[in-house]
1. (1) in a loop (DSSP other than H, G, I, E, B); (2) more than 16 Å from the ligand (Cβ to nearest atom); (3) touching a residue at least 24 places away in the same chain (Cβ under 8 Å): which one isn't true of F151, the others all being true?
2. Residue check: is A80 of a type in the set (G, A, S) and assigned to a strand (DSSP E or B)?
3. Are any residues in segment 103-117 assigned to a loop (DSSP other than H, G, I, E, B) and within 11 Å of the ligand (Cβ to nearest atom), and if so, which ones?
4. Restricting attention to segment 206-220, and to residues there that are modelled with pLDDT of 95 or more and not hydrophobic (A, V, I, L, M, F, W, C), which single residue is farthest from V240 (Cα to Cα)?
5. Of the residues D77, D83, D64, which single one is of a type in the set (D, E), closer than 15 Å to A126 by Cα and surrounded by fewer than 23 Cβ atoms within 10 Å (Cβ to Cβ)?
6. If G94 passes every condition in (1) within 11 Å of the ligand (Cβ to nearest atom); (2) on the phi < 0 side of the Ramachandran plot but one, which one does it miss?
7. What's the number of the condition H156 fails, among (1) out of contact with any Gly (no Cβ under 6 Å at 6 or more places or on another chain); (2) modelled with pLDDT of 95 or more; (3) within 30 Å of A237 (Cβ to Cβ)?
8. From (1) in contact with a strand residue (DSSP E or B) (Cβ under 7 Å, 6 or more places away or on another chain); (2) away from the ligand (no atom under 16 Å from the Cβ); (3) among the polar types (S, T, N, Q); (4) not in a loop (DSSP other than H, G, I, E, B), pick out the condition that doesn't hold for T120.
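The values are calculated or read from the model by the stated rules, or taken from the named source; none is laboratory data. Bear in mind that the values here come from a model prediction, so they are computed numbers and not experimental data. FYI the Cβ positions are ideal-geometry reconstructions off the backbone, even for glycines, and counts take in every protein chain you see.
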Amino acid sequence: MKAVLFHHHGGPEVLEYTDFPTPEPGVGQVLVRLKAAALNRLDLWVRTGWPGIKLAYPHIPGADGAGEVASVGQGVDQWAPGDRVVINSNLSCGECDYCRAGMDNRCRNWQLLGETVRGTYAEYVAVPAGNLYRMPEGFDPRAAAAAGLVFHTAWHSLIRRGGLRTGETVLIVGASGGVNSACIQIAKLAGAKVIVVGSNAKKLELARSLGADELIDRSQDENWSKQAYTLTDKRGADVVVDNVGTTFPQSFRAACKGGRILTVGNTGGPKFEIDNRFMFSKHLSLLGSSMGTHADFAQVMELIFAGKLKAVLDRDFALQDAAAAQEYLASGEQLGKVTLTINGTTPVSEILSLRGQLQWEGDLDSLRGQRDQ
Ligand SMILES: [Zn+2]
């Protein structure tokens, strides 16, 4: 098969598009012929590496993917060749105490596709049968792949960990990015009021198009927690979604008494100071999580396939152009998910014109037009 892989950490230049043996599906596994993969920031971190990371080289990146079943391994009877599927990238043992309790994203032997094992930047990938979810006929594999990790993560954080309830106010720090875009939609679907803090007008416009009720442009006023306070009639937000980290001081201020701060990442860096006085005097809860459970994946993908939630799609690249796709993601220019088309009939890169690539039905085209001016 063709795959994109690397033999050592480094910049996008370490990615090679080359031949690699097609995996054999093991016992309980399914071989998926991929139609699309979606990029995540994680792919960039895995490529550049971090202290302690150990990869079996050559490594194939990519957590998200969708396609069809090519063949099944021994003991698999729920899938057959030709079935259309989307992949849950969270690999759990199914046997440890966490797995048995249904908290499989805390599995003691937890692995992630594309991080600890070879991933989806390839024509084929072998995954456990239980990590597949059926994709309806006619559903765009790009849209399914792009939804996977970010909606799964957002659903687990907001609904499972955050216990979001109808009528609550959710403040989301960051107007674009896959998880934030997912959080806006999930919070609206749950019946919450959504306030979004963004760094520029275009990102905020995207947030508005996804359903955000109130927008705060922090390029106009860095003290956004005060604005959030005003917008909630000096009560504060019930839930604050903060995946920046360095913004915790403002998030603590913007939360109501008894508020919950949810975090699944730290795009602003891993270390920062917090003022503990806010934690106890305001009865705050800080709730961290990573990815989601099998049950979360099934629930959120059902909503994706029903059209109630939708990944924002940005540019698409051919598999062989994965390095360019990663560079585009690293540039921060994108407003939605960057995807790879795999096993396609036409190399998309050859016909790529930005406007033609945008399949999302919202205002991304007009937003980009504004930015280009
Ligand atoms: Zn386990």
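1. Tallying (1) in a loop (DSSP other than H, G, I, E, B); (2) more than 16 Å from the ligand (Cβ to nearest atom); (3) touching a residue at least 24 places away in the same chain (Cβ under 8 Å), F151 fails exactly one: (1).
2. Taking the combined requirement at face value, the residue does not satisfy it.
3. The answer is M103, C107, R108, N109, W110.
4. Looking at residues that are modelled with pLDDT of 95 or more and not hydrophobic (A, V, I, L, M, F, W, C), I get S209.
5. Checking each option against the conditions leaves just D83.
6. Failing condition for G94: (2).
7. (1)
8. (4)
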